[in-house]
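Data first, discussion second: the structure below is written as structure tokens.
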Amino acid sequence: MKVLVLNSGSSSLKFQMYKMENEKVLAKGIVERIGLDKPVLKYERHDGVKLQETIAVKNHDDALRLICQKLVDPEQGVMKSLCEVEAVGHRVVHGGEKVSQPVKVDEGVKAIIRDCCSLAPLHNPPNLSGIEACEHVFKGTPNVAVFDTAFHQTMPAESYLYAIPYEYYTKYGIRKYGFHGTSHKFVANSTAEFLKTPMEKLKLITCHLGNGCSVAAINGGNVLDTSMGLTPLMGLVMGTRCGDIDPGVLLHLSKLGMKTEEIDALLNKKSGILGVAGINSSDMRDLEHAVQEGKAQAKQAMDMFIHRLVFYVGAYHTLLGGADAVVFTGGIGENSEFVRGLIVPRLEAIGCRLDNAANHKAVRGKAGVISTPESTLKAVVMPTNEELMIARETVRVLRGA
Ligand code: ADP
């Protein structure tokens, strides 16, 4: 069974074609700069064949048609006909309160995605364009929407409500939704498998640390709380996002004469590591370098990153009434021995001790325990794979599970 996974952004369309019998990626790639000048298609086949072409595409329909041409190309493709694609799985960022599971797309689901555009204006419109492109190109092939917010829908009201007048929730849907749900769910499932313990019996604190960062407290497979909020701006210090901030700061900035769009850009694009570290980069590798070179402002940014993460892990440990494992994933969580080496020793008070040798040996793409055997709270490194999760969920929905 072949499943195409699409992640459609405002000017890009990422794809992975899976053979689900062995979960092998047959081909993957991206069309970038859709609607801009010099759009590019990058394509990579499982056997290492790679190509990059400048192409002419005006919209997501054009981009998808081009991807499909490559997939069935007699020389560079991976199948004879598009009919072999049994379903397309789509990453959709916001599903609001109406979806707590992946769903087969119909007019009602498209209306939900449209209704949530105001909550995710940068993501939901292109996500919908990706779905509509598939409806035009793959006539009759089912589309499945897998929502970033869905996994977090088990949060209780005391976690997701903001203490503002209740009608702002009922009238405008202002509440915490949480993001990165597909990744949190994937690593929670993988951790249960890795620890050979049923998910229902596990209490986990999953830390997705990439350009965007979030933490989730998961009790028996149900999210109890998560660090991102109405938008992905809340919570941890991130590459360019500030994370938690006194809302009074926004009022103050507004009184200083900043416009809404300026405040938006400041907090979303110019803050976090980029804003604090003084290294003109939001990349954790650059930050590590600068810290190792003894740059004081960079150390300040790193200290803030670690402090905020320790704060959330500690709080979630208490909320869960203790936990079995804290799980690190995402570009930073999976790759940075340095960052893990700063975080885990700060968790000793809740039973987690770093095994330095295990931390050093942890290999990218492989699960591993980096805490000592005596630790009552395990520290686990777990690779995430959102595309594979979307492919698996797509199959599950098709089978009616
Ligand atoms: P996204 O959130 O966009 O999916 P990723 O999960 O790929 O991003 O994470 C990107 C982050 O991972 C960047 O801050 C990058 O510096 C960091 N990263 C990637 N590799 C390493 C590494 N070897 N050491 C430290 N940080 C790394």
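The values are calculated or read from the model by the stated rules, or taken from the named source; none is laboratory data. Predicted, not measured: the structure shown is a model, and the values here were computed from it. Methodologically, a virtual Cβ is constructed for each residue, glycine included, from the backbone with ideal geometry; neighbour enumeration extends over all protein chains shown. Surface areas here come from the heavy atoms of the whole protein model, side chains and all, with no ligands, DNA or RNA. Shrake-Rupley method; radii C 1.70, N 1.55, O 1.52, S 1.80 Å.
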Point to revise | Filter pass, residue 92 being at negative phi, buried (at least 20 other Cβ atoms within 10 Å of the Cβ), modelled with pLDDT under 95 and β-branched (Val, Ile, Thr) | key: no
Review point. So is residue 364 within 16 Å of the ligand (Cβ to nearest atom), at negative phi and not in a helix (DSSP H, G or I) or not?
Key: yes
Practice item. Output the number of residues of segment 277-297 satisfying the condition of being within 14 Å of the ligand (Cβ to nearest atom) and either within 20 Å of the chain's Cα centre (by Cα) or of a type outside the set (S, T, N, Q) (or both). Key: 12
Check your understanding: (1) in a helix (DSSP H, G or I); (2) away from the ligand (no atom under 16 Å from the Cβ); (3) open to solvent by 10 Å² or more (accessible area, probe 1.4 Å): which one isn't true of residue 188, the others all being true?
Key -> (3)
Revision key, fill the gap. From the option list 228, 238, single residue qualifying as outside any strand (DSSP E or B) and under 18 Å from residue 156 (Cα atoms) is 228
Review point. How many residues does segment 263-274 hold that are assigned to a helix (DSSP H, G or I) and either within 14 Å of the ligand (Cβ to nearest atom) or within 7 Å of residue 240 (Cα to Cα) (or both)?
Key: 5
Practice item. Please enumerate the residues belonging to segment 15-63 that are outside any loop (DSSP other than H, G, I, E, B), of a type outside the set (Asp, Glu) and in contact with a His (Cβ under 8 Å, 6 or more places away or on another chain). Key: 24, 25, 26, 27
Practice item. Sort out which residues of segment 127-149 are open to solvent by 10 Å² or more (accessible area, probe 1.4 Å) and either at positive phi or part of a helix (DSSP H, G or I) (or both), and write them in order of number. Key: 128, 129, 132, 135, 136, 137, 140
Practice item. Working carefully through the options 258, 234, find the one that is of a type in the set (A, V, I, L, M), over 26 Å from residue 327 (Cα atoms) and either open to solvent by less than 40 Å² (accessible area, probe 1.4 Å) or at pLDDT 95 or above (or both). Key: 258
